[in-house]
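Here is the structure we will look at.
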Amino acid sequence: MKSKQLALRVLSTAAVMSILTSISAPAFADVYDLTRGDLSINVNAKNQQTVTQTDGTGGYVSDEKGEIKDRADDNVIVTTKDKDTQEIKTTDNTVTVNAQSSSVSANVTLRDVSIDASKEGKAALTLSKEGGGSVVLELDGNNTLVSGEGHAGIEKGNVGTKLIIQDEKNDDGSDKTDEKNDTGHLTATGGAGGAGIGGASGGATAHTRNINITGGDITANGGAGAAGIGGGKGGSMINTTEGTGVISGGKINATGGEGAAGIGGGKGSYLNTLVITDGADVTATGGQGGAGIGSGEGSWALDVTIKDGSKVNATGNGGGAGIGGGNKSGAFGFVIQGDDTVVNATGNEGGAGIGGGNGGASGSGNPANAGKITDIQGGTVNAVSHGGGAGIGGGKGKSATNDIKISGGTVNAQSPDGGEGIGSGKGGPESKSVELGNVTSAEVSGTKTAPDGSTYAEIKYTTSTGSTYTSTQTVTEHREEPTCEAAGRVYHTVSYKDANGDTVTRTLDEAVLPAAGHHWVLNAANDLQECSVCHKTMPVETNSPSLTVTGSALYQMTLENGCYLVTAPAQSASLTGTLAALKELRAQGVQVLVFRTQLCESRVSVAELLAQGTDSSTFVLTHTEGSATLTVDQKDCTSLLG
């Protein structure tokens, strides 16, 4: 009986063990050395993640757990760091991730990985063309991915796949704390035609979408024709699914290749929807012809939102806008929000700071897109165009066909090369509508000179809430030439919208141009002199016994309204006399003595000059081309000249 009971107990224990072993044990993250072979990570429709590593000869890599073939692992950690020497080695082996359905998610950690597949014509890391689930990529340590021609550094082959790049752990995989908070780094570089992160070159795989970044220090460099982050050559970046296309953290530096945006479309393609939020720090630089953030050359961009304390520096090149269209490209739908948000946007060669590229409007001709306006609600915004685009608005030759609305923040919009600060590019038609909120004052600065020699003025608007907006407007120079006897003037005018929204014109920086003076020529009989400029004639005079002109055979002396004017048609001459002679002139009502030559005019108060000596004292007023000096009995009194 006892033996039977024992047998039953043994059977029961065996049955329990059998049941337990039939249940899959939880999978723990292993670290896989990529230098040993290519890695393939697969998540099936039941959200079960496995990893396979091949050795390049048709076999599988083995470790202390055995063969790495369809091994269950919920979080695959990839490295090329030698565990003994701590050296990060570079390999041309690659990583492929396949999340088979939209309801599953792959989890992969890059921990000190260096892949250079540039000579292999492959992508360093590929999200499979099949499936459509999410891929969560954790960045630990320093990671470098370089792909071959036609491929992206991180290649999103399926536009439906959602890529999330994050930095939630310390470099050693531990949880972050106040005492230890490491930053994971990634540099992803595409080959020719491939994005740094996003699409490959040409065809369906050039397009990408649904890329989210929440953390890390990330540098993304697009190959020729490809965006830093976004489309490959000929490919777009589309993020129309809610919650996708969001950069919500980290420090990002994205540079596009020739013709492509820093973040957005590849050459010849577009950006549709991007959100930068939650304090993300983003620097985006377009290649020649591409926007900093927006489209590649020859396409369009729409719906870019920057908010919640984010810091953005965006620069377009070769006609690209800082934020907006690439060269020859329109753009519309820009929203900037948040008191702590800072946006610096620079367009070059006719691209707007924010808006259209060179030759592209800020807006759409489609009435359905009329509501997609430029809407600045807060933050600090510096938008500058070089080459004739608007600071905010149309590129060179184009206008803002969709509304521009500024209701908060501090906005500095400049176009020193002939465009409007806010509105139209140089040579463009009048913009549709510019709304600056409840403006209480509009102050105009004096003229400033742009690098190309053109002049402009700044208009600073202040609202009832204390917000300020600074725009620039081109000024027009007017010149009234002086005559022989009358002074001329040079001045500038600027037209701008005042605090009431009315267009007004103001005169700036008026300067007097001195009268040129007569250029006397003696006739053949030596009894008449004629001005060679205005042809006025007058009899020949000799020096008066009281005042003497030397250096000019001809001169003219006139008395009018208390001013005694001596004019000599020479570039250099001197006027000499005694203070006693000046006393005689003062008795005739003379208060000011004026000496005018061809290049200089000086004047002195008779009373002040008489105070410098006695009746026998001699003064000498000398003009040497454009300069003047005055002495009394050889004492320098030049300071008396006005």
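Rounded to the nearest whole Hz, the Karplus-based 3J(HN,Hα) values (6.51 cos²θ - 1.76 cosθ + 1.60, θ = phi - 60°) of segment 626-632 follow the sequence x, 10, 9, 9, 9, 10, 10, with x at glycine and proline. Here's the picture: charge each Lys and Arg Cβ at +1 and each Asp and Glu Cβ at -1 in segment 87-227, and of ASN143, GLY190, SER101 the one pushed furthest to the positive end of that dipole is SER101.
Taken over the Cα atoms of segment 260-325, the convex hull encloses 51 Å³ per residue. Between rounded, prolate and oblate, where does segment 554-642 land on the alpha carbon gyration tensor, with a ≥ b ≥ c its root eigenvalues, rounded for a/c under 1.5, else prolate if a/b exceeds b/c? Oblate, since a/c reaches 1.5 and b/c is not below a/b. Projecting the Cα atoms of THR440, ASN366, GLN556 onto the dipole axis of the chain, where Lys and Arg carry +1 and Asp and Glu carry -1 at the beta carbon, places ASN366 farthest toward the positive end. Among SER310, SER134, SER616, the order of accessible area from largest down is SER616, SER134, SER310, computed with a 1.4 Å probe on protein heavy atoms.
The aspartates and glutamates whose alpha-carbon is closer than 13 Å to the alpha-carbon of LYS69, local same-chain residues fewer than 8 away aside, are ASP38, ASP55.
Each part reduced to its alpha carbon centroid, segment 25-100 and segment 552-604 end up 99 Å apart. Stokes-Einstein, applied to the Kirkwood radius of segment 165-252 over Cα pairs at a viscosity of 1.306 mPa s and 10 °C, places its translational diffusion at 117 µm² s⁻¹. Of the GluC sites (Glu not before Pro) found in segment 596-640, those that fall in a DSSP loop while having at most 15 other beta-carbon atoms within 10 Å are GLU625.
All other residues whose Cβ lies under 12 angstrom from that of TYR491 are scored, Lys and Arg at +1 and Asp and Glu at -1, for a net of -1. For SER101, the residues whose amide H sits under 5 Å from its own are GLY132, GLY133, ignoring neighbours fewer than 5 places away on the same chain, with H placed 1.01 Å from N. 3J(HN,Hα) along segment 223-230, derived from phi through the Karplus expression 6.51 cos²θ - 1.76 cosθ + 1.60 where θ = phi - 60°, amounts to x, 3, x, 10, 6, x, 10, x Hz, with x in place of Gly and Pro. Here the chain is treated with +1 on each Lys and Arg Cβ and -1 on each Asp and Glu Cβ, and its dipole about the Cα centre works out to around 1620 debye.
Cross-link reach is defined here as a Cα-Cα straight distance under 22 Å, omitting same-chain residues fewer than 8 places apart; for LYS176 the lysines meeting it are LYS81, LYS251. Residues of segment 282-311 with an amide N closer than 20 Å to a point placed 7 Å from the Cα of ASP339 along the Cα-to-Cβ direction: 306-311.
Note on segment 196-298: the C-alpha convex hull projects to 5.0 nm² when averaged across all orientations. Based on DSSP H segments of at least four residues, each scored -39500 (n - 2.57), the chain has a per-residue ellipticity at 222 nm of -1500 deg cm²/dmol. With no solvent and one point on each alpha carbon, what is the Debye value of log10 I(q)/I(0) for segment 288-438 at q = 0.13, 0.15, 0.17 Å⁻¹? Summing over Cα pairs of segment 288-438 leads to -0.41, -0.55, -0.72.
Rounded to the nearest Hz, the phi-derived 3J(HN,Hα) couplings of segment 123-133 under the Karplus curve 6.51 cos²θ - 1.76 cosθ + 1.60 (θ = phi - 60°) are 8, 5, 9, 10, 8, 4, 5, 8, x, x, x, where x marks glycine and proline. Within a Cβ distance under 11 Å of GLY428, other residues only, what is the Lys/Arg minus Asp/Glu net charge? Every neighbour counted, the sum reads +1. Applying 0.36 nm per residue to the separation of LYS69 and GLN48 and subtracting their alpha-carbon distance, the gain on full extension is 6.2 nm. Taking every alpha-carbon pair in the chain and binning the separations at 10 Å intervals from zero gives 3, 14, 18, 13, 11, 10, 9, 7, 6, 4, 2, 1, 0, 0, 0, 0, 0 percent. Here's how it looks for THR187: its modeled amide H is under 5 Å from those of ASN143, THR144, LEU145, THR219, which are all 5 or more places away or on a different chain. Partners of LYS635 within straight-line reach, counting lysines whose Cα lies under 29 Å from its Cα and excluding those fewer than 8 residues away in the same chain: LYS583. Taking amide H as placed 1.01 Å from N in the peptide plane, GLU435 has its amide H under 5 Å from the amide H of ILE404, LYS405, ILE406, each at least 5 places away in sequence or on another chain. Give me the net charge for the shell around SER201: Cβ to Cβ below 15 angstrom, other residues only, Lys and Arg +1, Asp and Glu -1. Counting the neighbours of SER201, the net charge comes to +2. Legend: residues ARG489, ARG479, sorted from most to least accessible area (1.4 Å probe; ligands, DNA and RNA excluded), read ARG479, ARG489.
Per residue, the average separation of C-alpha pairs within less than 8 Å and at least 6 apart gives the chain a relative contact order of 5 percent.
At 0.36 nm per residue, and after removing the present C-alpha to C-alpha distance, how many nm does the segment from VAL533 to THR493 gain when stretched out fully?
Working: separation 40, 0.36 × 40 = 14.40 nm, distance 3.00 nm.
Additional length available on full extension: 11.4 nm.
Residue pairs exceeding 28 angstrom between C-alpha atoms, taken from LYS311/LYS405; LYS119/LYS267; LYS372/LYS448; LYS405/LYS448: LYS372/LYS448. What FRET efficiency comes out for the pair MET557/SER616, r = Cβ-Cβ distance, R0 = 30 Å, nearest 0.05? Computed FRET efficiency for MET557 and SER616 comes out at 0.85.
The values are calculated or read from the model by the stated rules, or taken from the named source; none is laboratory data. Every value quoted in this text rests on a predicted model; they were computed, and no experiment measured them. Positions of Cβ are generated from backbone atoms using ideal geometry, with glycine treated the same way; all protein chains shown enter the neighbour counts. Areas reflect the complete protein model, heavy atoms only, side chains present, ligands, DNA and RNA absent. Shrake-Rupley method; radii C 1.70, N 1.55, O 1.52, S 1.80 Å.
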